[in-house]
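The values are calculated or read from the model by the stated rules, or taken from the named source; none is laboratory data. Please read these numbers as outputs of a predicted model, since none were measured by experiment. Note that each Cβ is placed from the backbone with ideal geometry, even for glycine, and that neighbours are counted across all protein chains shown. These area figures cover heavy atoms from the full protein model, side chains too; ligands, DNA and RNA do not enter into them. Shrake-Rupley method; radii C 1.70, N 1.55, O 1.52, S 1.80 Å.
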Amino acid sequence: AHHQGGCGMQQIDWADFQRVELRVGTVLSAVVNAKALKPAYVLQIDLGELGVKQSSAQLTAHYQCTQLVGRQVLCVCNFAAKRVAGVRSDVLVTGVYDADNRVVLASFDQPLPNGARLA
């Protein structure tokens, strides 16, 4: 039987983790996605060597558009692009749900180069 980690958590190896391309980007612009059923912003994110990518993110509970511009975020960059409420979403912006089920963005305590990869 395969050994399971604590809490029945499935263990992965380093190669599994490396397959997920998590990179830092800076939000260049944030606008409300008027077509979204759940309130969301369309973000343009500068990911350095990967270029500028678009993302649709449900961040309206804790963040105004103006608070997002210039902010560095952590993105999953190697999911297939998908369409969300009429918008092409190239990358997934990462965050964690708070106790009220509202997204709080993953963030860093020092400025980083755009495109830097989570190590």
Report summary line: Taking region 7-31 and keeping only residues that are free of Cβ contacts under 8 Å to residues at least 40 places away in the same chain and over 25 Å from residue 64 (Cβ atoms), one is left with 7, 8, 9, 10, 11, 12, 13, 14, 15, 16, 17, 18
**Report entry** Residue list for region 3-25, filter: farther than 17 Å from residue 76 by Cβ, open to solvent by 20 Å² or more (accessible area, probe 1.4 Å) and part of a loop (DSSP other than H, G, I, E, B)
**Finding:** 3, 4, 9, 10, 11, 13
Report task. Give region 104-116 a look and list any residue that's more than 18 Å from residue 54 (Cα to Cα) and assigned to a strand (DSSP E or B), or say none. Result -> 104
Query raised in the report: For region 100-119, what are the residues that are open to solvent by less than 70 Å² (accessible area, probe 1.4 Å) and small (Gly, Ala, Ser)?
Result: 106, 115, 116
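Residue-wise test of (1) in contact with a Pro (Cβ under 6 Å, 6 or more places away or on another chain); (2) of a type outside the set (A, V, I, L, M, F, W, C); (3) open to solvent by less than 60 Å² (accessible area, probe 1.4 Å); (4) at pLDDT 95 or above.
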residue	(1), (2), (3), (4)
47	no, no, yes, yes
55	no, yes, yes, yes
62	no, yes, no, yes
65	no, no, yes, yes
70	no, yes, yes, yes
92	no, no, no, yes
Query raised in the report: Quick one: residue 42 ticks every box in (1) open to solvent by 90 Å² or more (accessible area, probe 1.4 Å); (2) over 21 Å from residue 117 (Cα atoms) bar one, so which box is it?
Result: (1)
Requested in this report: Of the numbered conditions (1) open to solvent by 40 Å² or more (accessible area, probe 1.4 Å); (2) in a loop (DSSP other than H, G, I, E, B), residue 28 fails exactly one; give the number of that condition.
Outcome: (2)
Query - Selection count where residues are among the acidic types (Asp, Glu) and under 13 Å from the mean Cα position of the chain (by Cα), scope region 60-119 - result: 1
Report summary line: Reported set for region 72-90 where residues are in a strand (DSSP E or B) and loosely packed, with under 11 Cβ neighbours inside 10 Å is 83
Report task. From (1) under 17 Å from the mean Cα position of the chain (by Cα); (2) within 24 Å of residue 102 (Cβ to Cβ); (3) open to solvent by 30 Å² or more (accessible area, probe 1.4 Å); (4) modelled with pLDDT under 95, pick out the condition that doesn't hold for residue 37. Result -> (1)
